[in-house]
Each structure stands twice: as structure tokens, then as C-alpha cells.
1. Using a cut-off of under 16 Å, list every residue of segment 30-50 whose amide N is near the label point 7 Å from the Cα of Leu57 along the Cα-to-beta-carbon line.
2. Computed FRET efficiency, Cβ-Cβ of Gln26 and Asp77, R0 30 Å: what is it to the nearest 0.05?
3. Compute the distance from the alpha-carbon center of segment 51-70 to that of segment 84-112, in whole Å.
Amino acid sequence: MLEAVRQERFAAALELIGSLPADAHQDPDALLLRAVLLTNHGRLQESEEVCNRLLGLDELNAGAHYLMALCCEHDGDAGRAIEHGLTAIYLDPGFAMPHLHLGILAKRSGDDTTAQRELGQALVLLATEDASRILLFGGGFSRDALLQLCRTQLHAAGGQA
């Protein structure tokens, strides 16, 4: 299944996860993977529903909060996106993607101070982020591409990489 994700064959990976036994549909890891696949496939409303189910089972799941942040941003609710991003960071301070996302949101809103802080932290964390987490949460981007995005956004916010 992860190989399908690596190859960005999200529909095929969704079919594979859908074919799992019924009891797997309540497994937190399976729910998180389903939410990631739905997000990467652009099915954000479905992803949000799966994340809500997952958070009902495990409210401390940093990955689900990060995905919820992406869904909320897509819905135009920056406040909730920030709230979920901050929760993901609180639950897992070493998780690079919420820092990157919050930095981009801050840059967009003109808050260069927050953008510099979050993007700078993302830059540090991405260098050592677990490869499987980049695969799952990186939106199809490689570590190098995410690092370059961080540097570009940080520079645009007046910071130095």
C-alpha cells in the first residue's frame, strides 16, 4: 500500500485500504492512512469525516489534527486550520509539516514574525523527519522539495535559511 502512495497512485491505495477486513475500518492506523489518501486524492470532505472518526477514537493523534488543518484551510476556515496545526505541534513537537503549514498560513496573512519562526522550525525538523512521515504527509513532495519550499517561503517572509 505504501508503494502505491510512493508512486502517487492514491486511487489504487484507497481501493486496497477499502478491501481490508471490516474490523480494520476502526483501526486508528488504517483510518489515518485512509485520511491521508483521501487528502492526497483531493477528497477533503471525506478526509475530514475520517479524521473526525479517528479523533473520536484517539483525540491525541497529531497526524489527524494536521490533516484537519489542511481540510479547514481548504474550507476557508483559517482559524480552525491554525488551531488544529497548533494542536498537532503540541502533541508532537518534532512533526515538521504542521510547522510548514502554519508558516505558510502566517506568511499569507502578513504575519512575517510567525512565518519566520514556524518556517525556520520546519526547516530544522524536515532535515531529520522520518522518511515515512514525509511520504505520508508531504503531499507527494520529496524532502528536498519541502526544504526548498521552506527556504523560499522563509526568504519571502524576510528570514534567512
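Any read-out appearing in this document is the output of simple, stated calculations on the displayed coordinates, not a laboratory observation. Quick caveat, the model's predicted, so the values are computed rather than measured. Note that each Cβ is placed from the backbone with ideal geometry, even for glycine, and that neighbours are counted across all protein chains shown.
1. Within reach of a label on Leu57, which here means backbone N under 16 Å from a point 7 Å along Cα→Cβ, segment 30-50 contributes 30-38, 47-50.
2. Values: r = 27 Å, r/R0 = 0.91.
Rounded to the nearest 0.05, the efficiency is 0.65.
3. Cα centroid of segment 51-70 versus Cα centroid of segment 84-112: 15 Å apart.
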